[in-house]
């Protein structure tokens, strides 16, 4: 009698274990086990989830769960705005800011007003605004006897305040779009622990003369998780012979946090731009004798200075990697200028084209939300994309109304991969474990450096969408939208999906 071969059951068992560990081809509606387990642990039902995974060159999706249901995308909406912007306006598109002399130039003195006109530059930050004032000073102008006049007619927007979304009007993410948006109108408060003195140092940039700062922070020790929530800023403005603002910081700040920065918007545009311009102008030896007011640039006069923003290819990196709401809204409003149906398709427009008028130096009509929505929908139609249920409000995702389905967002990402602006678009997305909003995620996994993923978050909403490079060398589009009261707990499930896609061979 032949002895039984005990190796065969053992080999079969080992083979079965290996097959269990490999990512198996899933039914389009079947979640990978690690993802479904993470969702159960988070208390998130499948009804609150939309997932779509599709390899770039495949004919069918790998995964499609509730993929046709329109959902709130939060900041993932910026992917649509930036892709449309790159195609409609072009990666080299820039915004201009003009400065005019409205009066008589007498040597180094302007006997009249200095007029500043904005066109919605999303990156007129401190550095670029300093460059603008320096270029103006290099024209030979030193003294302005009149006022600083701000021409902000380029936008025509409905009324509303920065606190309308969540009741936090001073938070930088709530800054509304404006034609002349200098440094987003923000103050940066840099908090640094001083261990020997057992205090917290607060440095403000820019520190305007009209700001009063009181620092009542207590230095503590402990975890630095929700550090900004432990602070209690008291922000007030008071008009007494000119606007003054005060910020009082109270609460505990852990030494374990190291250096952190808070951003607040305290002043309105007129007071902020005037205070900052006057400060920079005087630092360069200039004088401004008047005050600030709204007005119009003079007709038929050549600007003293025209400042150009960095190219759109650079600006979309700020928008996507760091989820810049205000810059996204500025870009969305610029889309209305590209209003011809053929814009962005590579064809030369055959009829009137606002974008062409701007390129030729003409004056475009004021930017409106309605014009931008029409331009965006015409662009989608020109790309043979029909998105029933798609809702766009401001293009940034800071909205309770915006909607898109995971499948439609996935289709758009697949299209972007074949677009002529693909390099600029994908390079604008955060890289897992490397930079942007993904810098601290998945550092200890194979996904590190292999996924370009935009993230989004609102109360009751957590989302991600982008591209993952599989172990096989194929690239897949991944979309994961969660709309549920427990959405904040969805990150583990999202990371599990990224791992599952990345491990595919």
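Just one of 300, 251, 258, 285 is assigned by TED's automatic domain parsing to the domain that holds residue 126, on the phi > 0 side of the Ramachandran plot, more than 23 Å from the chain's Cα centre (by Cα) and without any contact (Cβ under 8 Å) to a residue 24 or more places away in the chain; which is it? Give the steps one after another, and end with the answer.
Details: 251 fails: without any contact (Cβ under 8 Å) to a residue 24 or more places away in the chain; 258 fails: without any contact (Cβ under 8 Å) to a residue 24 or more places away in the chain; 285 fails: without any contact (Cβ under 8 Å) to a residue 24 or more places away in the chain.
Just one listed residue meets the conditions, 300.
Would you say residue 489 is surrounded by fewer than 18 Cβ atoms within 10 Å (Cβ to Cβ) and within 19 Å of residue 47 (Cα to Cα)? Against the criterion (surrounded by fewer than 18 Cβ atoms within 10 Å (Cβ to Cβ) and within 19 Å of residue 47 (Cα to Cα)), residue 489 qualifies.
Residues in region 229-240: is at least one farther than 30 Å from residue 161 by Cβ, part of a strand (DSSP E or B) and over 26 Å from the mean Cα position of the chain (by Cα)? If you could, list the steps in order and put the result at the bottom.
Filtering region 229-240 for residues farther than 30 Å from residue 161 by Cβ gives none.
No; the residues of region 229-240 include none that is farther than 30 Å from residue 161 by Cβ, part of a strand (DSSP E or B) and over 26 Å from the mean Cα position of the chain (by Cα).
Go through region 234-247 residue by residue and tally those that are exposed (fewer than 15 other Cβ atoms within 10 Å of the Cβ) and modelled with pLDDT of 85 or more.
Going residue by residue through region 234-247, those that are exposed (fewer than 15 other Cβ atoms within 10 Å of the Cβ) are 234, 236-242.
With modelled with pLDDT of 85 or more added as a condition, the list becomes 234, 236.
Residues in region 234-247 being exposed (fewer than 15 other Cβ atoms within 10 Å of the Cβ) and modelled with pLDDT of 85 or more: 2 in total.
When region 119-138 is filtered for residues that are in a helix (DSSP H, G or I) and either touching a residue at least 24 places away in the same chain (Cβ under 8 Å) or closer than 22 Å to residue 337 by Cβ (or both), the ones remaining, listed by number, are 126, 128, 129, 130, 131, 132, 133, 134, 135, 136, 137.
Can you find even one residue in region 467-482 that is assigned to a loop (DSSP other than H, G, I, E, B) and either under 23 Å from residue 44 (Cα atoms) or touching a helix residue (DSSP H, G or I) at 6+ places or on another chain (Cβ under 9 Å) (or both)?
To start, the set of residues in region 467-482 that are assigned to a loop (DSSP other than H, G, I, E, B) comprises 470-474.
Filter once more, so that each one left must be either under 23 Å from residue 44 (Cα atoms) or touching a helix residue (DSSP H, G or I) at 6+ places or on another chain (Cβ under 9 Å) (or both): 470-471.
Among the residues of region 467-482, at least one is assigned to a loop (DSSP other than H, G, I, E, B) and either under 23 Å from residue 44 (Cα atoms) or touching a helix residue (DSSP H, G or I) at 6+ places or on another chain (Cβ under 9 Å) (or both), which makes the answer yes.
Among what's in region 402-422 and is more than 18 Å from the chain's Cα centre (by Cα) and in a loop (DSSP other than H, G, I, E, B), pick the residue that is surrounded by the fewest Cβ atoms within 10 Å (Cβ to Cβ). Of everything passing the filter in region 402-422, 418 is surrounded by the fewest Cβ atoms within 10 Å (Cβ to Cβ). Remark: residue 308 matches the filter, which requires a residue to be loosely packed, with under 14 Cβ neighbours inside 10 Å and touching a strand residue (DSSP E or B) at 6+ places or on another chain (Cβ under 8 Å). The number of residues in region 381-395 being in contact with a helix residue (DSSP H, G or I) (Cβ under 6 Å, 6 or more places away or on another chain) and outside any loop (DSSP other than H, G, I, E, B) comes to 0.
Do any helices (runs of 4 or more DSSP H) entirely within region 252-367 hold 3 or more residues that are modelled with pLDDT of 95 or more, and if so, which? Spell out how you get there, then give the answer.
Numbers: elements: 269-283, 312-321, 325-334, 354-359.
Helices (runs of 4 or more DSSP H) meeting the threshold: 269-283, 312-321, 325-334.
The values are calculated or read from the model by the stated rules, or taken from the named source; none is laboratory data. Computed from a predicted model, the values in this text were never measured in an experiment. Cβ coordinates were reconstructed from backbone atoms using ideal geometry, including for glycine residues, and neighbour counts include every protein chain displayed.
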